[in-house]
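The structure appears right after this line, and notes come after that.
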Amino acid sequence: MASATFLEKRSIDYVPLAERHGKVWHLWPVWFSGDAHLATLAVGVLGLALGGNLFWTATAVVLGCAIGTFFMAFHSAQGPQLGLPQMIQSRPQFGYVGALLVWVVALVSYIGYNAFNQVLAVQALHALFGTLPLGSSGVVIGFALLAASLAAVGYDSIHLAQRSLAFFMIGILTVFTLCAVWLLPIPAAELSPSDFRLIPFLTQLLAAASYQLSWSIYVSDYSRYLPHTVSVRASFWWTYLGAFIGGTWMMLVGSVAAAVAPGLNVPAALQRAANGMLPGFGTVLLISSLLGLVTISALNYYGTSLTLLSVWDTFKPLRSTAAKRLASLVPALVLSTAIALESSSNFLRHFSDLLEVLLYLFTPWTAINLADFYLVRKGHYSVREIFNPHGMYGRWNWHGLLAYAVGFLAMVPFFSTGLYTGPIAHALGGADLSILIGLPVSAGTYIISCRSLDLEADRRAAAAADVGLDSPVATSVASRHAALERSAEGA
């Protein structure tokens, strides 16, 4: 098995079996730390900002994270099976060119989240060092360069950073939680189950679900180097537990901080709440959350890089190199920084709008991608044909494009945003139930449209196209290494 190198050489290309490495449990710290940062705290504030109390905001956070993480974690299993990044896997459902639709959505997500992360970093440093102006362009640029540097090194370094941060954050969050239970003066009205308000509750639930679901676009980016023998069950649960616990825990910390210190921005509220428990603890918690913001921004830059290279490959097939991956980070850094420098005012409102838009755009894609992988093609794809401009998956796949359009249109009457409120959402008092409609409609439409496919012939063609993809020697070596790892874990 090839050992990991300092600078990752691969990008959107297939990871051969001989290069697979790592353990499936490594997935939980990636996604625990993926949620253990300031941006996740901001999600837990939304229900309170709209007039809800802490009890119902916390309930909505737990339910929303449970729903969104369920779908997100199923994408993780695709990595070991296919050895490919998440976005390039959309070609079988949407076509070689048609997949550009979802890649544009992914780019909006990556760049938008990193822009908001940069704004949060400035707010955090302002809370730590009051003399630093909130609009500091130097901090915005410096933060982006730091995160992009980690992304530049690549897969293994990101995994290592996330594992190190996960264990540190568990200790910090445990202290905060225990102190909150015993020391924090939370107003009694915030804990009353009788004060239920539908709109804040549903807004918080959908925001939490959307936030977790939005990781779906790059989950398998961080499982694609794992041995192909890793089971769907194992990759699902290690991913689910990491993301659900990290997301729920961090959002609830944000909810508690907002309930105790209303009216302050997220970092300042967190610092005041933690300092109210233990003198100086707010500074420790804020710095820890800021470190998490750096690493998740690195994941976003890494995902932006892979998606931009996928777009490039659509118009001109490319051979993956480290230099091309590094070059693709430059436009990602420039765009997110430009947006961050223009988005510093009214942060929370803009962040809420972004979450809502992402929910609408990702819901049809995740339903179609999962339906194809688990119910239609059942994991049988040709890696070579995914990179073939005139291959078996076509340039435009009407099955996926039709299902996306139908699913999205079915959601429109249920939209409820600051820009548009659909008629059904209006009749429900502004409640947004779009995700509950978009998932089954998109998946159902795709499954029905695929009845015209000869799936047995599709499977045979995929198998034939990938003959010799991995040499027999490499396959044998990879299998022996996987068997040794299983034996070591069982010992």
ask   = Given labels modelled 7 Å from the Cα in the Cβ direction, how far is it in nm from Ala405 to Ala464?
value = 3.2
note = The extension gain from Thr177 to Ala189, computed as 0.36 nm times the residue separation minus the Cα-Cα distance, is 2.3 nm
Net dipole in debye of the range 1-98 [+1 Lys, Arg Cβ; -1 Asp, Glu Cβ; about Cα centre; nearest 20] = 160
remark   = Count of lysine pairs, the chain, Cα-Cα under 26 Å, sep. 8 or more residues or interchain, comes to 5
request  = Tabulate in residue order the Karplus-calculated ³J(HN,Hα) for the range 84-92, using 6.51 cos²θ - 1.76 cosθ + 1.60 with θ = phi - 60°, rounded to whole Hz; enter x for Gly and Pro.
outcome  = 10, x, 4, 5, 5, 6, 7, 4, x
request  = Rank by packing, highest mean first: peptides 199-209, 418-428, 386-396, 30-40, with packing defined as the count of other Cβ atoms within 10 Å averaged across residues.
outcome  = 30-40, 199-209, 386-396, 418-428
request  = Would you work out which of Ala121, Asn300, Pro279 lies farthest towards the positive end of the dipole of the range 21-356? Charges go on Cβ: Lys and Arg +1, Asp and Glu -1.
outcome  = Asn300
ask   = Farthest toward the dipole's positive end in the chain, which of Ala464, Leu46, Ile435, given Cβ charges of +1 (Lys, Arg) and -1 (Asp, Glu) about the Cα centre?
value = Ala464
key: Given charges at beta-carbon only (K, R positive; D, E negative), |dipole| of the range 21-356 in Debye   = 660
task = Note the angle between two axes, namely the Cα long axis of helix 434-449 and the longest principal axis of the Cα atoms of the chain, as a number of degrees from 0 to 90, rounded to the nearest 10.
result = 10
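Every number here is computed from the coordinates shown, using simple stated rules; none is lab data. Being a predicted model, the structure only gives us computed values, none of them experimental. For neighbour counting, all protein chains shown are included, and Cβ atoms are generated from backbone atoms with ideal geometry for every residue, glycine included.
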